[in-house]
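**Student:** Have a look at this one.
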Amino acid sequence: MKDHEIQLQVNRETVHILVSPNLTLMDMLRDQLGLTGTKNGCDMGDCGSCTVLANGKPQLSCMALAAEFDGGDIVTIEGLAHEGLLTPMQDAIHRHVAAQCGFCTPGIVIKLRALLAENSNPNDAAIQEALGSNICRCTGYTKILSAVQEVIRGGAERKSVVGDDP
């Protein structure tokens, strides 16, 4: 199989990259672009840790081929923070200690970002449904729900991450 060049936007930057036809989006992001916030949890689309925004929609990057996104727009967890500031969701998750090991957190934050873009005031059932494909073995989801509810109420503030361990 022959590699070919694709062009796409990744975290607001235009990228030209050679990809093989069988390269997953996750492997391209992690191995070729060094965006390791996208986690490889299962390689089967079961855990949600690899979720990114692809053309504005949540996408399991371990189940998608990079070549499919030629001309597309990808946002990873690294692309959410802007100018050293956490998003309100990232800040709320941090303050509510809604992440323990943190492995699932990037996929969860991306999924919540997509949910709130479609529905600015989801109830707990809608939040739980949106996170149904994201597995967290540490938190039990209660603190995640509390963080989301705070963001919905507008109580989360943007915070600098300089010197912090997000």
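The values are calculated or read from the model by the stated rules, or taken from the named source; none is laboratory data. Because the structure is predicted, anything quoted here is derived from the model rather than measured. Cβ atoms come from the backbone with ideal geometry, glycine included; neighbour counts cover every protein chain shown.
**Student:** (1) surrounded by 19 or more Cβ atoms within 10 Å (Cβ to Cβ); (2) within 30 Å of V15 (Cβ to Cβ); (3) not hydroxyl-bearing (S, T, Y): which one isn't true of D73, the others all being true?
**Tutor:** (1)
**Student:** Report, ordered by the first and then the second residue, all pairs with beta carbons closer than 6 Å, sequence separation of six or more or different chains, a first member in region 107-118 that is under 14 Å from N55 (Cα atoms), and a second member that is polar (S, T, N, Q).
**Tutor:** Sorted first by the residue in region 107-118, then by its partner, the pairs are I110/T51; K111/T51; K111/N134.
**Student:** Can you say whether A67 is outside the structural domain of T142 (by TED's automatic domain parsing) and either in contact (Cβ under 8 Å) with a residue 12 or more places away in the chain or farther than 21 Å from C136 by Cα (or both), as far as the supplied structure shows?
**Tutor:** Taking the combined requirement at face value, the residue satisfies it.
**Student:** Please find, among L145, L116, the residue that is under 20 Å from K57 (Cβ atoms) and not assigned by TED's automatic domain parsing to the domain that holds G56.
**Tutor:** Answer to the selection: L116.
**Student:** Further question on the same structure: Is there any pair with a first residue in region 131-147 that is surrounded by fewer than 16 Cβ atoms within 10 Å (Cβ to Cβ) and a second that is outside any loop (DSSP other than H, G, I, E, B) and among the basic types (K, R) whose Cβ atoms are under 9 Å apart and which are 6 or more apart or on different chains, and what are they?
**Tutor:** Filtered contacts from region 131-147: S133/K111.
**Student:** Where residues in region 21-60 are touching a residue at least 24 places away in the same chain (Cβ under 8 Å) and among the hydroxyl-bearing types (S, T, Y), which of them is farthest from D73 (Cα to Cα)?
**Tutor:** Among residues in region 21-60 that are touching a residue at least 24 places away in the same chain (Cβ under 8 Å) and among the hydroxyl-bearing types (S, T, Y), the one farthest from D73 (Cα to Cα) is S49.
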